[in-house]
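First the structure, in the form of structure tokens, and then the observations on it.
The values are calculated or read from the model by the stated rules, or taken from the named source; none is laboratory data. Because the structure is a prediction, the values reported are computed rather than measured. When we count neighbours, we look across all protein chains shown, and the Cβ atoms used for this are built from the backbone with ideal geometry, even at glycine. The protein model used for the area step is the full one, side chains on, heavy atoms only, and it has no ligands, DNA or RNA in it. Shrake-Rupley method; radii C 1.70, N 1.55, O 1.52, S 1.80 Å.
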Amino acid sequence: MSKFPFINRELSWIEFNARVLNEAKKKTVPLLERLNFLSIVTSNFDEFFQVRVASIKRELMKSPNITEASGLTPSGLLKRISERCHEIIGEQYELLDREILPQLRENGIGYVQSGDYSPSQTAFAQSYFKNQIYPLLTPLRTDGEEFPHIANRHSYAAFLLGPREGFRVKDEIFSVKKDSKEGVAVVQIPSDVPGIIWLPDDEKFADENQGEDRAHENPDGKKCKMFTLVDDVIASFGDSLFPGYEVKESLLFKVNRDADFAVDEDAGEKFIQAMEEVLVKRQSSFPVQAICNSTSKTLSDYIKSKLQLGDDDLYCVDGPVDLTCLKELADEDFDGKENLQYPAWKHFYPADLPSDGFLWNTIRSHDVLLNVPYQSFDPVVKFIQDASLDKDVLSIKMTLYRTGSNSPIVRALEKAAQNGKQVTAFVEVKARFDEQRNISWVNELINAGVTVVYGIVNIKVHAKIALVIRRESDGLRRYVHLSTGNYNPGTAKVYQDFSIFTSNPQIASDATFFLNVISGYSAVQTMRHLFMAPITLKQKLIDLINREIQQSSPENPGLIVAKMNSLCHPEIVKKLYAASQAGVRILLNIRGICTLVPGVEGVSENIRVVSTIGRYLEHSRICYFQNGGEEELFLSSADWMERNLDRRIELMFPVTDKQVFQKVKETLMMYFEDNTQTHLLQNDGTWIPATTGEGENPLNVQEQLYQSYRRINDSKESKPKLEFEVRRG
């Protein structure tokens, strides 16, 4: 084996998606949550093919013989990707067909495919098609010089047509085969129509037609709410789009295209326009993957040929071509729904922060840690809203990467500007797949009077920081919020992230300098407490690992503990190998990609890698260094990847408050005790689920964290309020 073994990045990511699928397989997970995990697998794969597979295909055209760290050429890697993705997607649909849908029906929700409609369902679906769908459809013939444009990530129906008996048509319009009297038309399925169509209750029809009862009851005889999909309805009644022709076969399909575009960074004042042009190109770039149902090999072969895709690029499935539409089921009310979802978990307001009045006094007295989603994101929103309303606040500066829709933070920034405060927002327009929304925020903020910096040439601003400058009795004071996650109230309900509020003068000084660097000209100086990629962050990590190596001994081995989304930076991986060889114990919790190979004799036998997948998405980045007993702990916006450490603006910040330090460290170590939601990485690149040993109790780290915050909240609420009885004469 090579001195420095590496797992391929793309193959490692695929195994992450396999771990997501494993959650859907767990019978202990509530049924609608299992369905949600299936949907996440689909959306994850969509992005993977659009970005990662597309980049490999371009590499294949440019440098077909190049090999990456694991020794694979582009063609060899694409073959491996296809084999494993076909396997996982096959398991995904088998699980849907054999377990998820039948169990949904047992619990009162029944899916009806078009071929299984009862007469009354057929009548309803046909009427729905005629009145709600038909006017929106545009059938496109495919026998012209160019194949119709198939938009990225949109679903389509394809129809194999032949002349209907009794009608005369021109033979030359058909082109499936030479001299064939069959042709193909495609129809885009409208995205503004609900993906799920609820079928009406058929009690009267069922009473009159006993044989149809089964379509409306589950095995226990309970009534079911029945649904079908808009795709099924269009495939069933699409023949009405082609008067004089007969639909011989139909096919549903979706195409993922190359979305790994770079904007013209030299566009200057026309940067936003250049970004919008990238979004247009994404819809018509080269196809990477096609997903279709298994109803017509003739049509699937035809689509594959027209899109110039190979056999490895075509994924035929027995079910909906886009499982994300099934997430709509979670929005429907029905009896027993609460038993099919996770028990509701509250997002507790931090006990040491006031919900009324400004936050400044508390933050001035000590640092405050926030662990979302166990704790509420509301204090972050309140931090900006307080600043927008407080007459003593002079300035607000912050970075925005993915803010979500209808953002209260953006609204607060606009209000602050309208109130005469100096407001600067660093909006990263290039945040992939959020570009259009961020462009809208840029325009809104500018119109409200906010100074907007929308990106840095050739680099993304991924750091999460907010700075508030306030005039107080003893002069100007700066309040800082630093986070591992985005300023997005929506994702903060499901993404686990740490953040800190502080008025530490040293941190505040560095924060001010950092924000000035990314907004103007600077010959970058070294900040003493914040570490910035791509300038100092990577070297700081290397220095910290080197220090652990130097201080490690057989009697007192060093210790490095880290948690992040991805680990694949070659320099960092090699440095961790060196630390392992020096006897340093290394514990890594990596949610997604990990190219490091643990447990290799003489290289990495002191490294343990685990991955936690649960109801919350693990998103925080934490690293701990034992430092000979003088422990250090850092939080960061950056994963240990080349893009983060070498090509993005990121921040790593120290945890200096003693109470905050202890809480973060305790939480970090809990992730390595979990034995229910964790997988262990083996030295062959496979992952195996952690299991409980003899006499060992099950430990779910997310459940344990939730219960700890619940107890804190209960204790806070149970404390009696201090009241005084006033004696009056």
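A few remarks follow.
- Of all the criteria given as (1) surrounded by fewer than 14 Cβ atoms within 10 Å (Cβ to Cβ); (2) at negative phi, the one not satisfied by Gly357 is (2).
- Residue check for Leu78: touching a strand residue (DSSP E or B) at 6+ places or on another chain (Cβ under 7 Å) and open to solvent by less than 60 Å² (accessible area, probe 1.4 Å): no
- Matching residues in the range 1-34 - criterion: being open to solvent by 10 Å² or more (accessible area, probe 1.4 Å), assigned to a helix (DSSP H, G or I) and closer than 25 Å to Asp313 by Cα: Arg9, Glu10, Leu11, Trp13, Glu15, Phe16, Ala18, Asn22
- Within the range 360-371, considering residues that are open to solvent by less than 10 Å² (accessible area, probe 1.4 Å) and touching a Lys or Arg at 6+ places or on another chain (Cβ under 9 Å), the one farthest from Thr424 (Cα to Cα): Asn371
- Those residues of the range 656-668 which are open to solvent by 10 Å² or more (accessible area, probe 1.4 Å) and either within 24 Å of Ser12 (Cα to Cα) or in contact with a helix residue (DSSP H, G or I) (Cβ under 9 Å, 6 or more places away or on another chain) (or both), in sequence order: Thr656
- Checking Ala417 against (1) closer than 26 Å to Ile518 by Cα; (2) part of a helix (DSSP H, G or I); (3) open to solvent by 10 Å² or more (accessible area, probe 1.4 Å); (4) modelled with pLDDT under 95, the condition it does not meet: (4)
- Residue match in the range 602-609 (condition: more than 31 Å from the chain's Cα centre (by Cα) and small (Gly, Ala, Ser)): yes
- Note on the range 35-55: residues that are surrounded by fewer than 21 Cβ atoms within 10 Å (Cβ to Cβ), farther than 20 Å from Gly90 by Cα and not charged (D, E, K, R) amount to 2.
- The set of residues in the range 68-124 that are farther than 30 Å from Pro570 by Cα and of a type in the set (S, T, N, Q) comprises Gln92, Gln103, Asn107, Gln113, Ser114, Ser118, Ser120, Gln121, Thr122.
- Taking every residue in the range 549-563 that is within 13 Å of Leu668 (Cα to Cα) and pairing it with any residue that is part of a strand (DSSP E or B) and among the polar types (S, T, N, Q), at least 6 positions away or on another chain, the pairs with Cβ-Cβ distances below 8 Å are Ala562/Asn589; Lys563/Asn589.
- Selection within the range 549-583 - surrounded by fewer than 23 Cβ atoms within 10 Å (Cβ to Cβ), part of a loop (DSSP other than H, G, I, E, B) and over 31 Å from the mean Cα position of the chain (by Cα): Ser552, Ser553, Pro554, Glu555, Asn556, Pro557, Ala582, Gly583
- Of all the criteria given as (1) part of a helix (DSSP H, G or I); (2) in contact with a Ser or Thr (Cβ under 9 Å, 6 or more places away or on another chain); (3) β-branched (Val, Ile, Thr), the one not satisfied by Ile545 is (2).
- Within the range 136-160, the only residue that satisfies the criterion of being touching an Asp or Glu at 6+ places or on another chain (Cβ under 9 Å), in a loop (DSSP other than H, G, I, E, B) and free of Cβ contacts under 8 Å to residues at least 60 places away in the same chain is Asp143.
- Just one residue in the set Asp207, Asp239, Asp213, Asp264 is open to solvent by 60 Å² or more (accessible area, probe 1.4 Å), at pLDDT below 60 and not in a loop (DSSP other than H, G, I, E, B); that residue is Asp207.
- The set of residues from the range 461-516 being in a strand (DSSP E or B), of a type in the set (Lys, Arg) and in contact with a Leu (Cβ under 8 Å, 6 or more places away or on another chain) comprises Arg470, Arg471, Arg478.
- Val610 of a type in the set (A, V, I, L, M, F, W, C), modelled with pLDDT of 95 or more and not in a strand (DSSP E or B): no
Matching residues to (1) free of Cβ contacts under 8 Å to residues at least 24 places away in the same chain; (2) hydrophobic (A, V, I, L, M, F, W, C); (3) over 20 Å from Asp322 (Cβ atoms):
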site: Ile89; (1), (2), (3): no, yes, no
site: Arg105; (1), (2), (3): no, no, yes
site: Gln113; (1), (2), (3): no, no, no
site: Phe124; (1), (2), (3): no, yes, yes
site: Tyr134; (1), (2), (3): no, no, yes
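- Some residue of the range 442-460 being touching a residue at least 12 places away in the same chain (Cβ under 8 Å), within 23 Å of Val664 (Cα to Cα), open to solvent by 10 Å² or more (accessible area, probe 1.4 Å) and within 23 Å of the chain's Cα centre (by Cα): no
- For the range 27-68, the tally of residues that are among the polar types (S, T, N, Q), closer than 16 Å to Lys79 by Cα and touching a residue at least 12 places away in the same chain (Cβ under 8 Å) stands at 1.
- Val427 being under 24 Å from Glu472 (Cα atoms) and either among the hydrophobic types (A, V, I, L, M, F, W, C) or open to solvent by less than 30 Å² (accessible area, probe 1.4 Å) (or both): no
- No other residue among Tyr479, Tyr495 is at pLDDT 95 or above, open to solvent by 30 Å² or more (accessible area, probe 1.4 Å) and among the aromatic types (Phe, Trp, Tyr) apart from Tyr495.
- Condition check for Lys304: closer than 30 Å to Ile88 by Cα and among the basic types (Lys, Arg): yes
- Within the span defined as the range 585-601, every residue fails to be among the polar types (S, T, N, Q), touching a Cys at 6+ places or on another chain (Cβ under 9 Å) and not in a loop (DSSP other than H, G, I, E, B).
- Glu717 vs. criteria of a type outside the set (Val, Ile, Thr) and either within 30 Å of Asn556 (Cβ to Cβ) or part of a strand (DSSP E or B) (or both): no
- Checking each residue in the range 113-164 for being open to solvent by less than 10 Å² (accessible area, probe 1.4 Å) and over 35 Å from the mean Cα position of the chain (by Cα) picks out Ser118, Gln121, Thr142, Leu160, Gly162.
- Scan the range 64-81 for residues that are charged (D, E, K, R) and farther than 21 Å from Asp684 by Cβ and the total you get is 0.
- Condition broken by Glu618, with the remaining ones in (1) open to solvent by 10 Å² or more (accessible area, probe 1.4 Å); (2) touching a residue at least 40 places away in the same chain (Cβ under 8 Å); (3) not polar (S, T, N, Q) satisfied: (1)
- Hits in the range 337-381 - residues which are touching a Ser or Thr at 6+ places or on another chain (Cβ under 6 Å) and either at pLDDT below 95 or among the hydroxyl-bearing types (Ser, Thr, Tyr) (or both): Tyr349, Leu353
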